[in-house]
Amino acid sequence: MLNEIQFSKAVFTLSDLPKNNLPEIVLCGRSNVGKSSFINSFFNKSVAKTSSTPGKTRSLNYYLVDGKFYIVDLPGYGYAKVSIVERNKWAKLVENYFGKERKFLVIIHLLDSRHKPTSLDIYLNSFLKSKGFDFIFLLTKADKLKQNEIKNIVKEFTAVLPEAVMGKNMFFYSSVKLTGKKELARKINLILTGSDGNMQVA
Ligand code: GTP
Ligand code: MG
């Protein structure tokens, strides 16, 4: 489990979604939060394009893991320089995608641990809740935090995301230092198999 990842396809229109019925783990969050870096670091392979220019990922990018399930990298939202037309296009695409009868295993909502959740983050969370999806909060770029900030950050996030419980459905993550990789791998294995024994991470 969680060993081999390969790029499968970029989906620009929903009629192009894979039709093989494999389950999906979805990554979403603001532009530049570290979704693509998460994929590369978690699987220890440069498979997803990352960029210091926000708003680069415009398609739903499908990655196949161990031939068994997909990781879907959604385009990021909230980047100010993206035009209204583009933003609306994003919202429609994502809303329609989540409206499909697909096998959503869990939605991983990435948030930059250095910034308070934005209104768009809170909106996304209430949307996912309204759909009844399971979700995990991943607080990214944890390598940029000072140890003495951690407690307050957890407080700030749980104040606006009341379902979040650190260590249960919320984890710090660093693509640079791999903070949180083991905990998250355990959690994902639990979701995939219903047990967390025999975990293997690339
Ligand atoms: P979009 O595709 O625009 O939605 O962005 P994204 O969420 O895929 O972000 P991406 O992975 O491209 O990362 C954006 C920037 O943040 C890049 O410059 C990364 O190197 C940096 N970055 C991502 N994760 C981390 C992290 O854990 N620590 C640090 N220090 N930088 C990170
Ligand atoms: Mg990206």
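The values are calculated or read from the model by the stated rules, or taken from the named source; none is laboratory data. These figures come from a predicted structure and were not determined experimentally. Don't worry about glycine lacking a Cβ; one is built from the backbone with ideal geometry, like all the others, and counts go over all protein chains shown. Each accessible area value is taken on the protein alone, full model and side chains, heavy atoms only, with ligands, DNA and RNA left out. Shrake-Rupley method; radii C 1.70, N 1.55, O 1.52, S 1.80 Å.
Residues in segment 22-42: is at least one exposed (fewer than 13 other Cβ atoms within 10 Å of the Cβ) and either within 16 Å of the chain's Cα centre (by Cα) or outside any helix (DSSP H, G or I) (or both)?
No; the residues of segment 22-42 include none that is exposed (fewer than 13 other Cβ atoms within 10 Å of the Cβ) and either within 16 Å of the chain's Cα centre (by Cα) or outside any helix (DSSP H, G or I) (or both).
Determine which member of the set D121, D134 is away from ligand 2 (no atom under 16 Å from the Cβ) and either open to solvent by 40 Å² or more (accessible area, probe 1.4 Å) or polar (S, T, N, Q) (or both).
D134
Between a residue in segment 43-58 that is at pLDDT below 75 and any residue that is more than 8 Å from ligand 1 (Cβ to nearest atom), which pairs come within a Cβ distance under 6 Å, given they are 6 or more apart or on different chains?
Once the first residue is at pLDDT below 75 and sits in segment 43-58, its partners that are more than 8 Å from ligand 1 (Cβ to nearest atom) give G55/V82.
How many residues are more than 12 Å from ligand 2 (Cβ to nearest atom) and either over 13 Å from Y62 (Cβ atoms) or in contact (Cβ under 8 Å) with a residue 60 or more places away in the chain (or both) if we restrict to segment 8-38?
First, pick out the residues of segment 8-38 that are more than 12 Å from ligand 2 (Cβ to nearest atom): 8-9, 11-26.
Within this subset, residues satisfying the condition of being either over 13 Å from Y62 (Cβ atoms) or in contact (Cβ under 8 Å) with a residue 60 or more places away in the chain (or both) are 8, 13-15, 17, 21-26.
The qualifying residues number 11.
Just for segment 98-112: of the residues that are away from ligand 1 (no atom under 15 Å from the Cβ) and not in a loop (DSSP other than H, G, I, E, B), which one is surrounded by the fewest Cβ atoms within 10 Å (Cβ to Cβ)?
G99
May I ask you to list the residues in segment 175-189 that are touching a residue at least 60 places away in the same chain (Cβ under 8 Å) and open to solvent by 60 Å² or more (accessible area, probe 1.4 Å)?
Scanning segment 175-189 gives V176, L178.
Which of the residues that make up segment 2-21 are β-branched (V, I, T) and part of a loop (DSSP other than H, G, I, E, B)?
T13
List the number of the failed condition for E101; all other conditions in (1) modelled with pLDDT of 95 or more; (2) more than 18 Å from S126 (Cα to Cα) hold.
Unmet condition: (1).
Is it the case that D73 is surrounded by 15 or more Cβ atoms within 10 Å (Cβ to Cβ), more than 16 Å from ligand 2 (Cβ to nearest atom), of a type in the set (D, E) and closer than 22 Å to K187 by Cβ?
Spelling it out, it is not the case that D73 is surrounded by 15 or more Cβ atoms within 10 Å (Cβ to Cβ), more than 16 Å from ligand 2 (Cβ to nearest atom), of a type in the set (D, E) and closer than 22 Å to K187 by Cβ.
Which condition breaks for K141 when tested against (1) surrounded by 13 or more Cβ atoms within 10 Å (Cβ to Cβ); (2) under 29 Å from I5 (Cα atoms); (3) more than 15 Å from the chain's Cα centre (by Cα)?
Status for K141: all satisfied but (3).
I'd like the residue in segment 75-85 that is outside any strand (DSSP E or B) and within 12 Å of ligand 1 (Cβ to nearest atom) and, out of all such residues, is farthest from S130 (Cα to Cα). Give the derivation first.
Pass one, segment 75-85, residues outside any strand (DSSP E or B): 75-76, 78-85.
Cutting the leftovers down to within 12 Å of ligand 1 (Cβ to nearest atom) gives us 75-76, 78-79, 81-82.
Numbers: P75: 21, G76: 20, G78: 21, Y79: 24, K81: 29, V82: 27 Å.
So the residue we want is K81.
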